[in-house]
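The values are calculated or read from the model by the stated rules, or taken from the named source; none is laboratory data. Given the structure is predicted, the values throughout are model-derived calculations rather than measurements. Here the Cβ positions follow ideal geometry from the backbone for every residue, glycine too, while neighbour counts run over all protein chains shown.
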Amino acid sequence: MPLLRQAVAGRGCVGAGILARPFERRHGTLHCEGVPLEGIAEVVGTPAYLYSTAALRERYRALDAALAGVPHRIHYSLKANSSRGLLQVLRAEGCRADVVSGGELLRALRAGFPAEHVIYGGVGKRRDEIRAALEAGILLLNVESAAELAIVEEEARALGRRARIALRVNPEVHVANAHEFIATGSRGHKFGIPWGDVPDVASRALTSPHLELAGLDMHVGSQLTSLAPYQDGVRRLTELARALMARGAPLQFFDAGGGLPARYDAEEAPDLALFAGIVVPAVRALGLELIVEPGRFVVAESGALLTRVLYRKPSGGTDFVICDAGMSELLRPSHYDAYHRIEAVRPRGDTSTVDVVGPICETGDFLARDRQMDDAQPGDLLAVHTAGAYGYVMALTYNSRPRAPEVLVDGTRWAVITRRESLDDLVRLEAETVEWVEG
Ligand code: LLP
């Protein structure tokens, strides 16, 4: 059974499926909101990513409402999907931004997020990225080590600024989620300040005239189908916040990170009330403002990858459906053994058990294996669901295949928000002639 599905059985995990699914079949053919997928495919070709604006708004609003019991800020994590058109939808809702690199900072600012609505985390920030963030005047830099703190301090001093920081701590809790690669808050993970080092790093932050220790932050993992890691992490962070406030730390923010799950198969939607029941009272009791950094929860289910079947090929007992999208468009199945539901846009009425694969020269290039699903013949369109998060942003151009376009749907209208990469785009950065320099 795919790991993502096994993980659903976690402690106190999911509740009522209150959130609507944005892709529905009408008159025998799949629509995104009011737009038939076949029509979009005809105009933009395949493969293509499609996103529902209604689903984006709905997720954002549901989370915002769930957290209403405490002053809070939702900083959407751009790493899940950083397309400008999609960011603008979220920004218009009042959402803020969480970035992880100088590139994402640029994307957030270009999408119109004011710098003071941006927080910046990441385990390996370069000095120039730290400087750019300080110059821009972002809300918080989430510092992940003593060594990084020293660089932030130097850069703040050089700029004559006081850097507002949060300490991202590793609460070292048990995280049982879908895949070991997306657990982050356990002992020995590279992320966050090791729990035992936090007092020293905090002391240094508190005594520096160039640093303002404004928050504490954790991010325990992604696709957290059990709420237990939040519960354990919040408990530890609360103790720490109390201890630091007793030492005079001017804390304002308590950042519980991202990690709320999306539905990939038949799971229920995460129970936002249960999640809020963990974070809201804790942060309210501390008198702090809550920050959350959701990525996947906000965007995953709004998106589907549309692909066309090129060939059917039975080989050695496996029935292959060869599509024009594969691991280069959606890496998650081959990288995390992740399950993504796949359906025919216009089903033929029967099913078959197949491997859905792409054109990449890798045996590990697949979207689904040994899957009983709608029968699909050459020329048919398939929708690969829950592809709005960690889909396009992880796309590769391996085998020199240009990246797919991204399309936003809003009611009965749609727009290309990222055009299809051209073959010229693929070679744009290469020198036409090799210009040697002596070195
Ligand atoms: N904050 C921090 C510090 C993070 O590291 C992450 C995700 C998030 C927030 C957002 O997490 P979310 O709400 O999306 O779970 N490529 C993987 C997921 C990697 C997540 C990395 N960090 C996947 O496709 O499953």
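Within the stretch 96-124, how many residues turn out to be assigned to a loop (DSSP other than H, G, I, E, B), in contact (Cβ under 8 Å) with a residue 12 or more places away in the chain and within 13 Å of the ligand (Cβ to nearest atom)? Show your work before the answer.
Filtering the stretch 96-124 for residues assigned to a loop (DSSP other than H, G, I, E, B) gives 100-101, 111-114, 121-124.
Keeping just the survivors that are in contact (Cβ under 8 Å) with a residue 12 or more places away in the chain gives 100-101, 111-113, 121-123.
Of the ones still in play, those that are also within 13 Å of the ligand (Cβ to nearest atom) are 100-101, 121-123.
Total satisfying the criteria: 5.
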Can you find even one residue in the stretch 21-34 that is away from the ligand (no atom under 16 Å from the Cβ), under 21 Å from the mean Cα position of the chain (by Cα), at pLDDT below 95 and surrounded by fewer than 21 Cβ atoms within 10 Å (Cβ to Cβ)? yes
Of the residues in the stretch 56-77, those that are part of a helix (DSSP H, G or I), away from the ligand (no atom under 15 Å from the Cβ) and surrounded by 18 or more Cβ atoms within 10 Å (Cβ to Cβ) number 2
Qualifying positions in the stretch 216-268 - of a type in the set (Phe, Trp, Tyr) and under 30 Å from Val384 (Cβ atoms): Tyr230, Tyr264
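Being within 16 Å of the ligand (Cβ to nearest atom) and not in a loop (DSSP other than H, G, I, E, B) is the filter; apply it to the stretch 354-367 and report the residue that is surrounded by the fewest Cβ atoms within 10 Å (Cβ to Cβ).
Kept after step one, since they are within 16 Å of the ligand (Cβ to nearest atom), are these residues of the stretch 354-367: 364, 366-367.
Filter once more, so that each one left must be not in a loop (DSSP other than H, G, I, E, B): 366-367.
On the way: Phe366: 22, Leu367: 27.
Per the criteria, the residue is Phe366.
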I'd like the residue in the stretch 205-233 that is of a type in the set (D, E, K, R) and touching a strand residue (DSSP E or B) at 6+ places or on another chain (Cβ under 8 Å) and, out of all such residues, is farthest from Val143 (Cα to Cα). Glu212
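Check whether at least one residue in the stretch 388-400 is within 16 Å of the ligand (Cβ to nearest atom) and of a type in the set (Ser, Thr, Tyr), and report yes or no.
So the first thing to find is which residues in the stretch 388-400 are within 16 Å of the ligand (Cβ to nearest atom), and the list is 388-396.
From the residues that got through so far, the ones that are of a type in the set (Ser, Thr, Tyr) too are 390, 392.
The answer is yes; a qualifying residue exists.
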Can you spot a residue in the stretch 107-119 that is over 21 Å from the mean Cα position of the chain (by Cα), more than 24 Å from Gly259 (Cα to Cα) and of a type outside the set (Val, Ile, Thr)? no
Report, by residue number, each residue of the stretch 84-95 that is within 15 Å of the ligand (Cβ to nearest atom) and assigned to a loop (DSSP other than H, G, I, E, B). Cys95
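Out of all the residues in the stretch 183-214, which are hydrophobic (A, V, I, L, M, F, W, C) and surrounded by 18 or more Cβ atoms within 10 Å (Cβ to Cβ)? Quick ask: steps written out before the conclusion?
First, the residues of the stretch 183-214 that are hydrophobic (A, V, I, L, M, F, W, C): 183, 191, 193, 195, 198, 201-202, 205-206, 211, 213-214.
Passing the criteria: Ala183, Phe191, Ile193, Val198, Val201, Ala202, Ala205, Leu211, Leu213, Ala214.
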Applying the selection to the stretch 374-420, what residues are assigned to a strand (DSSP E or B) and either surrounded by fewer than 18 Cβ atoms within 10 Å (Cβ to Cβ) or of a type in the set (A, V, I, L, M, F, W, C) (or both)? Leu381, Leu382, Ala383, Val384, Val407, Leu408, Val409, Arg413, Trp414, Ala415, Val416, Ile417
Has the stretch 196-206 got any residue that is of a type in the set (Val, Ile, Thr) and touching a residue at least 40 places away in the same chain (Cβ under 8 Å)? yes
